[in-house]
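Undergrad: Below is one structure. I have some questions about it.
Values quoted throughout were computed directly from the atomic coordinates according to the rules given, and no laboratory measurement underlies them. Note that this is a predicted model, so its numbers are computed, not measured. So basically every Cβ, Gly included, is an ideal-geometry build from the backbone, and we count neighbours across all protein chains shown.
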Amino acid sequence: MRKWTEATALGTLLSNTKCKKRPDDLVTVARAMKHLVGLYGSQEDVATRAGLSTEMIRQFLAVLGLPRSVKVLFTKREIDSVDIAKELAALGDERKQVSVAKAIAGMPSKDVRDIKRLVRSEGVSVKRAKKAVLNAKAEELNVFILDFSGDTLENLLREAKARRKKPADLVREIVRQWLESRRGEKR
């Protein structure tokens, strides 16, 4: 483990927060921040001296509260996102933190965001969400975002409920049917 001085901790903090590509892993940066909090007395004082927000300091420090096996994934940079550290810490339950961390280790940030979205919006397990995201990549799935007026959205939701389908599945079905009918018109 590194022996911290004020100069080495500040150097680590600045070199890892003031550039796009961090030279150090998140655990190392968080340990530097923790050392500085001990020296300066508070996260706010560290933030002020380093020119960072207290929220950023809190997010980095969240890594240190994670289970050892999860911190190892951050140290190896198999997980290398401050946002993911914050999300894992928010889970609270140590078993969930380990399970989710192992499931997402080595995955690109976009895939992790997609997994998180599926877990939250669809209520599926992390394992199923990861499988769905990986399968979608294999199928070269394309995602479209559509704006609907309030009335159109209400009608879509009502129709999906009547057909006992998820709204996204109904939209896919409608688009497929429309494309098939267009193919038939061109013949």
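Undergrad: Of everything in the range 26-52, what is under 23 Å from the mean Cα position of the chain (by Cα) and either surrounded by fewer than 13 Cβ atoms within 10 Å (Cβ to Cβ) or part of a helix (DSSP H, G or I) (or both)? Give them in sequence order. Lay out the reasoning, then the answer.
TA: Going through the range 26-52, the residues under 23 Å from the mean Cα position of the chain (by Cα) turn out to be 26-31, 33, 52.
Result: L26, V27, T28, V29, A30, R31, M33.
Undergrad: Also: When you scan the range 74-88, how many residues do you find that are over 16 Å from R31 (Cβ atoms) and aliphatic (A, V, I, L, M)?
TA: Of the range 74-88, the ones over 16 Å from R31 (Cβ atoms) are 78-79, 81, 83-84, 86-88.
From what is left, the residues that are aliphatic (A, V, I, L, M) are 79, 84, 88.
Final tally of qualifying residues: 3.
Undergrad: Here is a follow-up. Across the range 102-132, what is the total count of residues that are part of a helix (DSSP H, G or I), under 30 Å from P23 (Cβ atoms), in contact (Cβ under 8 Å) with a residue 12 or more places away in the chain and in contact with an Asp or Glu (Cβ under 9 Å, 6 or more places away or on another chain)? Can you show your working first?
TA: We begin by selecting, within the range 102-132, every residue part of a helix (DSSP H, G or I); these are 102-104, 109-122, 126-132.
Keeping just the survivors that are under 30 Å from P23 (Cβ atoms) gives 102-104, 109-116, 130.
Adding the requirement that they be in contact (Cβ under 8 Å) with a residue 12 or more places away in the chain leaves 102-104, 109, 111-112, 114-116, 130.
Applying the additional criterion that residues be in contact with an Asp or Glu (Cβ under 9 Å, 6 or more places away or on another chain) yields 104, 109, 112, 116, 130.
Matching residues across the range 102-132 total 5.
Undergrad: For the range 111-129, state whether one or more residues are within 28 Å of R2 (Cβ to Cβ) and of a type in the set (D, E).
TA: no
Undergrad: Could you please tell me which pairs satisfy a Cβ distance under 7 Å, a separation of 6+ or placement on different chains, a first residue in the range 1-25 that is part of a helix (DSSP H, G or I), and a second residue that is exposed (fewer than 13 other Cβ atoms within 10 Å of the Cβ)?
TA: S15/P23; N16/P23
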